[in-house]
Amino acid sequence: MTSLRPAPGPVDLSSIETDAAPGFAGKKAEGQAALAALGPELADQQERLFANRTTGSGSRVLLVLQGMDTSGKGGVLRHAVGLIDPQGVRITSFKAPTDEEKQHHFLWRIERALPEPGYVGVFDRSHYEDVLIHRVRGWADADTLEQRYAEINNFELRLVEDGCVVLKCMLHISADEQKARLQERLDNPEKHWKYNPGDLDERALWPAYREAYEIAIERTNTETAPWHVVPADKKWFRNLAIATLLLDALRGLELQWPKADFDVATEKRRLQEEDPVR
């Protein structure tokens, strides 16, 4: 699959297609089949990660999902992350900060939700809300925002140095596709629960959000924790792309099955000789 990493420097999201499937020649059916085919290896790699926590390994993965409303963070959780054992996954959906959280540094609640060794952690929205919505709404001045970008870079560098792979994905949806998905929610009573009138208020700020994303990606697109801009108009490609990136991240850890810390031959003999049900 073609790299979804933006080049270093200024980012122009308007130049990145939202309905493309870069590096994949097939159509929807082929893409769905390719996603399903990733399942066995994804599950195997995730189980290796989980097993290695018993050896004292600090390896873990943090998948950060950011995107405009309806870009498909929930769909990614169901169809891509859903391919691995839920026992080894920790999902955190960040909403508006609580009164308690507001009393702390903006990374405080993020730190508390980080995955432990052996786990895949997924953030549905994240610490980036504090440089996205705060820029758009004017809740933080320019100096504060620049300080936060630097703090985020230092925070993510520390995570990587501590054995955590930081996989950051911006789900890149078009305004037209968002409108169609919002219309679908309004037209289908079974999806009314997913609709929030506030979504239209945020949609009205689309250009400001695009600029905020462009600046945030440029400032925090580091070698240790790079961004990936994932075309999200095609749901099937979005899911395939995220699953592929997650698999690549797990493969990169080069995890082996932990070796037994006991004598296997002895235990096999004991199992046969001391079986209480015989």
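The values are calculated or read from the model by the stated rules, or taken from the named source; none is laboratory data. Predicted model only: the values in this text are computed from it and were never measured. Please note: Cβ atoms are built from the backbone with ideal geometry, for glycine as well, and neighbour counts cover all protein chains shown. Surface accessibility is based on the protein's heavy atoms, side chains included, excluding ligands, DNA and RNA. Shrake-Rupley method; radii C 1.70, N 1.55, O 1.52, S 1.80 Å.
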Applying a 10 Å radius around every beta-carbon, put 211-221, 57-67 in order of their mean neighbour count, most first.
57-67, 211-221
Where does the chain land at 222 nm, in deg cm²/dmol rounded to the nearest 500, when only DSSP H runs of n ≥ 4 count, each adding -39500 (n - 2.57), divided by all residues?
-14500 deg cm²/dmol
What is the extension gain from Ala208 to Glu17, computed as 0.36 nm multiplied by their sequence separation minus the C-alpha to C-alpha distance, in nm to one decimal?
66.9 nm
Spatial extent of the stretch 119-215: Rg and Dmax, with the Cα atoms as the point set, Å:
16.5, 48
Run the 1.4 Å probe and let me know the accessible area of Leu157, rounded to the nearest 10 Å².
60
Averaged per residue, the 1.4 Å probe accessible area of the chain, protein heavy atoms only, in Å², is roughly 53
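For the chain, return all DSSP H helices satisfying: extent of Cα atoms along own axis at least 15 Å; mean Kyte-Doolittle hydropathy at least -0.5.
On the way: long enough: 28-52 (36 Å, -0.33); 142-161 (29 Å, -0.62); 175-187 (18 Å, -1.75); 206-220 (21 Å, -0.73); 235-252 (26 Å, 0.54).
Qualifying helices, which must be both long enough and hydrophobic enough, are 28-52, 235-252.
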Among Arg78, Arg238, what's the order by accessible area (1.4 angstrom probe), most exposed first?
Arg78, Arg238
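If you stretched the chain out fully between Leu271 and His192, how much longer would it get, using 0.36 nm times the residue separation minus the C-alpha to C-alpha distance?
Length difference between fully extended and current span is 22.7 nm.
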nm² value of the averaged projected area, convex hull over the Cα atoms of the stretch 119-167
3.8
Hits among aspartates and glutamates - C-alpha to C-alpha of Lys95 under 19 Å, sequence gap 8 or more where chains match
Asp69, Glu111, Asp124, Glu129, Asp130, Asp199, Asp201, Glu202
Whole-number percent relative contact order across the chain, with pairs defined as alpha carbons under 8 Å at least 6 apart:
34
For every other residue with a beta carbon closer than 10 angstrom to the beta carbon of Pro258, add +1 if it is Lys or Arg and -1 if Asp or Glu, then tell me the sum.
+2
Given a 1.4 angstrom probe, I'd like the percentage of the accessible area of the stretch 174-219 that is carbon and sulfur, rounded to a whole number.
50
Rh (Kirkwood; distinct C-alpha pairs) - the stretch 70-146, Å
14.2
Have a look at Leu35, Leu245, Val64 and report the one farthest towards the positive end of the charge dipole of the chain, computed about the Cα centre with Cβ charges (Lys/Arg +1, Asp/Glu -1).
Leu35
Bin width 5 Å, origin at 0, all Cα-Cα pairs of the stretch 198-246: what percent of pairs per bin?
5, 17, 16, 18, 24, 15, 4, 1
Positive minus negative residues near Trp236 (Lys, Arg vs Asp, Glu; Cβ under 12 Å):
+2
Of the chymotrypsin sites (Phe, Trp or Tyr not before Pro) in the stretch 98-169, those whose Cβ has at most 14 other Cβ within 10 Å and which sit in DSSP loop:
Trp139
In square nanometres, what is the average projected area of the Cα convex hull of the chain?
19.5
So for the stretch 174-258, what percent of the C-alpha to C-alpha distances run longer than 18 Å?
64
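If the only charges are +1 at each Lys and Arg Cβ and -1 at each Asp and Glu Cβ, what is the size of the charge dipole of the chain around the Cα centre, to the nearest 20 debye?
In total the dipole reaches around 580 debye.
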